[in-house]
């Protein structure tokens, strides 16, 4: 059976379309999905927190803390009240979903100051890991500061704060918080 030129062209076009089905340009693959309401719901509840904060290379300050967290406004905002009784410290984290830009904004307030710090740090969750990055300079060199939520389960999670001096290829983690759900 011989196909006419127009028919043959249609068959070849259909075959080419099937062969490339599911192929997405690299730029489209790299674009993360927008943040969604409820992504911080895992943090709602009572928590015990084991802190490790790097004082000097290999020298960690280890201390305990606790937190109470709420998801509000249908999951587009999340409040964290952090308490470290042994240090006479408390503070509040506020995370809000910027629906227009598709990212979360993470704000922090020390209770002794009573004013939120800098502008919210933007971030989003990809494959169960929430990264919140702030580009900056250190000694005249570009750095990226990152807050990272990972190892999220029904009974625990981890938050880490680190710095990258090589554009995000490697990270030096200077503060690690292991969260365990309270009773």
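Ordering 159, 149 by the number of other Cβ atoms within 10 Å of each residue's own Cβ, fewest first, gives 159, 149. As a proxy for reagent exposure, ranking 155, 180 by other Cβ atoms within 10 Å from fewest up yields 155, 180.
Quick one: which of 67-78, 110-121 comes out on top by average Cβ neighbours within 10 Å, and what's the full order, highest first?
Numbers: 67-78: 16.3, 110-121: 11.8.
Per-residue Cβ counts within 10 Å, averaged per peptide and sorted highest first, yield 67-78, 110-121.
Between segment 155-183 and segment 71-112, the alpha-carbon centres lie 17 Å apart. Note on residue 36 and residue 99: the model spin-label points, each 7 Å out from Cα along the C-beta direction, lie 1.5 nm apart.
Each label was represented as a point 7 Å from its Cα along the Cα-to-Cβ direction; for residue 53 and residue 151 these points are 1.9 nm apart.
Give me the extension gain from residue 170 to residue 73: residue separation times 0.36 nm, minus the current Cα-Cα distance, reported in nm with one decimal.
Numbers: separation 97, 0.36 × 97 = 34.92 nm, distance 3.63 nm.
Result for the pair: 31.3 nm of gain on full extension.
Here the Debye sum runs over all C-alpha atoms of segment 63-180 as equal scatterers in vacuum, and log10 of I(q)/I(0) at q = 0.09, 0.10, 0.13, 0.22 Å⁻¹ comes out as -0.26, -0.33, -0.56, -1.53.
Take each of the peptides 86-92, 167-173, 55-61, average the number of other beta-carbon atoms within 10 Å over its residues, and list them starting from the highest. Mind dumping the intermediate values first?
Details: 86-92: 13.3, 167-173: 11.6, 55-61: 8.6.
For the peptides 86-92, 167-173, 55-61, the packing ranking is 86-92, 167-173, 55-61.
Approximating the spin labels as points 7 Å out from Cα along Cα→Cβ, the residue 180-to-residue 66 distance works out to 1.4 nm.
Read-outs: derived from the displayed coordinates by stated rules, not from any lab. Just so it is clear, the structure is predicted and the values come from calculations on it, not from any experiment. Here Cβ is always computed from backbone atoms with ideal geometry, including for glycine, and neighbour counts include all displayed protein chains.
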